[in-house]
Structure formats: structure tokens, C-alpha cells
Amino acid sequence: MMRRNLDEQLSRLDSNMIEMGALIVRAITRATKALQTRDLSAAAGVIEGDDLIDDKEREIESLCLKLLLRQQPVAGDLRQVSSALKMITDMERIADQAADISELCGYLTDRENCKNMAHILQMAEHTIQMVTDSVKAYVDKDIELARAVIDRDDMVDSLYLVAKKDTIELARKDPLCGEEAIDALQIAKYYERIGDHAVNIAEWVIFSIAGTHKNRRVL
């Protein structure tokens, strides 16, 4: 009976993690669309939706604490719960950064000579996929997919360096684009951080399955 109750609670945890994962992927996707189209309404929707993600984080945190205190999970179950607690912190930060990107969309102009977003949008594409795959790896218990997320971060880091050069060159060529170049660089940095958070999630996925984290053997 106790095992069945624990399994039901763990299943509920998985469902909540899937829901939170879907919310953050939607937030990044909508923020990126707002960036591409300068759709301030879509950007506002991302910012407003951040409260819903915060609520989901608190719900999952409460469930995890109840599992730890009441069910006393052991071994693999304990790793699953403790990993979820770590993951939701990164997931919430991803949502915050999607909101930050959306907020900066309001400061960008439609001046053609100030637009230089190609590499930033490539970063967005990679980070959206990384976040999607990191959550999927948790749900499917897929170590290889988690490792693929970690490996993909090198591409995001490389694109960030290129985007940084792009924005510096933009400001050099046209001083009137200086402020916009700074905003674009900040957006690139937010995507780079989202990639880092996706890596953190993937590392906790590996821990939850194999009991190893960052080359250290733990539970």
C-alpha cells in the first residue's frame, strides 16, 4: 500500500514537471516570436505568464517536500525527488529570462540598419530545443538525450561570441544603433544563460537515473 501511494505521488510529480516544462518552452518560444516580429502584445503575455510558472514551481516544491517527509523515498526514488527540486530552480530562472527577453523587445526599433539578429535567433532555436529535450530526458529517463543537451551547449556558446561581435560591429558602424546594440547583446546573454540552465537540468537528469553528477559518484 505504501509503495503504491509513493508511485502515485511520483507519477503526479512527473505530470507536474511535464506541465512546468511545457510552460517554460512556450515562454521561450513566445519571447522569440516577439523578438522576431516586435509583437509587444506577445511579449506582454510572456511577462504576465511568469506568475503562473512561479506558482507551478511552488506546487512542485511542496509536493517534493511532502514526498521527502512523509514517504521517505530511498535510492532511485530519492534521486528523482531531489533532482526535481534542483531542476525547478533552473526552470523558473529560464522563465525569468524569457520574460527579460520579452521586456527588452519593447526597446528595440524597426530601423533596418539596427537589425542584426541572425545569430541571436540561431541561439534561440538551439536553446528552445535544449530546454525541450532536457525535460523530455527527465520524463523518459533518457541519459543519452540528456548528454546530447549538454553537448549542444558548445554551439550556443560559440553563437554567443559571434553575436557579441555582431553587436559591437553594429555600434561601431552606426553610433545611433548603440543603445539597441546593447539591448541585443543583453538578449544574447539571456539565451546563453538559458542554455546553461538547460545543461544544469540535463545534469540532474543524469543524476536521477545513474546517481552521478559532474563526474562525482553520489547517491
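The values are calculated or read from the model by the stated rules, or taken from the named source; none is laboratory data. Here the structure is a predicted model, which means the values were calculated and not measured. Ideal geometry is used to build each Cβ from the backbone, glycine not excepted, and the neighbour counts take in all protein chains shown.
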Discussion item. Report every pair of residues separated by at least 6 positions or lying on different chains whose Cβ atoms are under 7 Å apart, first residue within the stretch 66-94 and within 24 Å of Ile24 (Cα to Cα) and basic (Lys, Arg), second at pLDDT 80 or above and assigned to a helix (DSSP H, G or I).
Written reply: Arg79/Phe207; Arg79/Ser208; Lys86/Trp204; Arg93/His197
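Given the criteria over 30 Å from Leu10 (Cα atoms) and either basic (Lys, Arg) or free of Cβ contacts under 8 Å to residues at least 60 places away in the same chain (or both), does Thr167 qualify?
Working: over 30 Å from Leu10 (Cα atoms): yes; either basic (Lys, Arg) or free of Cβ contacts under 8 Å to residues at least 60 places away in the same chain (or both): yes.
So Thr167 passes the test.
For residues that are hydroxyl-bearing (Ser, Thr, Tyr) and touching a Ser or Thr at 6+ places or on another chain (Cβ under 8 Å), scanning just the stretch 177-213, find the one that is nearest to Arg152 (Cα to Cα).
Tyr191
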Worksheet entry | Candidates Met87, Met123, filtered to the one that is in contact with a Gly (Cβ under 8 Å, 6 or more places away or on another chain) and assigned to a helix (DSSP H, G or I) | Met123
Discussion item. Given the criteria modelled with pLDDT of 90 or more and more than 30 Å from Ile209 (Cβ to Cβ), does Lys56 qualify?
Written reply: no
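Take the stretch 122-149 and flag every residue that is over 24 Å from Glu19 (Cβ atoms) and surrounded by fewer than 21 Cβ atoms within 10 Å (Cβ to Cβ).
Residues satisfying the conditions are Gln122, Glu144, Arg147.
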Worksheet entry | Qualifying residue in the stretch 23-42 (condition: over 20 Å from Met117 (Cα atoms) and among the β-branched types (Val, Ile, Thr)) | yes
Worksheet item: With Gln80, Gln71 as the choices, which residue is modelled with pLDDT under 90 and either under 17 Å from the mean Cα position of the chain (by Cα) or within 19 Å of Asp133 (Cα to Cα) (or both)?
Response: Gln80
Practice prompt. Filter the stretch 20-34 down to residues that are more than 15 Å from the chain's Cα centre (by Cα) and either of a type in the set (Gly, Ala, Ser) or modelled with pLDDT under 90 (or both), then give me how many there are.
Written response: 1
Worksheet, complete the sentence: If we keep only residues of the stretch 156-185 that are modelled with pLDDT of 95 or more and of a type outside the set (A, V, I, L, M), then the residue surrounded by the most Cβ atoms within 10 Å (Cβ to Cβ) is Tyr160
Discussion item. Checking the conditions here, which among Thr37, Thr109, Thr89 is β-branched (Val, Ile, Thr) and either modelled with pLDDT of 95 or more or on the phi > 0 side of the Ramachandran plot (or both)?
Written reply: Thr89
Fill in: From the options Ala22, Ala44, residue that is part of a helix (DSSP H, G or I) and either hydroxyl-bearing (Ser, Thr, Tyr) or closer than 25 Å to Glu180 by Cβ (or both)
Ala44
